[in-house]
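Right, one structure below, let's go through it.
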Amino acid sequence: MSRMLPVLAAVAVALATPAAAELSKVNSAAEFKNIVSGKTLTRPLVRLNVGSNGTISGRGATWDISGNWTWKNGYFCRSLEWGGDDLGYDCAEVKASGRKIRFTTEQGRGDSADFSLR
């Protein structure tokens, strides 16, 4: 599984499509919870549920995803496991508009992943 992570990450980034509408920065945990509450975050091969209680669960490709999140200093901070591999801790900038949400790692300085809200 760990040998496939770089390949799957590259595929996921390549398949990400920019949202047509201008995305706005999400500034608070309350705003974030309102956006994701009752929704599944989807992108090719990935389905995630982000609980208001700080949990993350879902599937990526054929492997389970689990983790926890909190909101710190304007960023979505999470720890994740994917298929039993620890993906570590990161704080991401979140932007959203309508049914689209984007997470950009390293407090907005890293890679981005766009999801649809369903």
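The numbers here are math on the coordinates, done by the rules we state, and not lab data. The shown structure was predicted, so the numbers you read here are calculated from the model rather than taken from an experiment. Cβ atoms come from the backbone with ideal geometry, glycine included; neighbour counts cover every protein chain shown.
Model label points for SER79 and ASN27, set 7 angstrom from Cα along the Cα-to-Cβ axis, are 3.0 nm apart. Highest average first, the peptides 52-58, 26-32, 76-82 ordered by how many other beta carbon atoms sit within 10 Å of their residues are 76-82, 26-32, 52-58.
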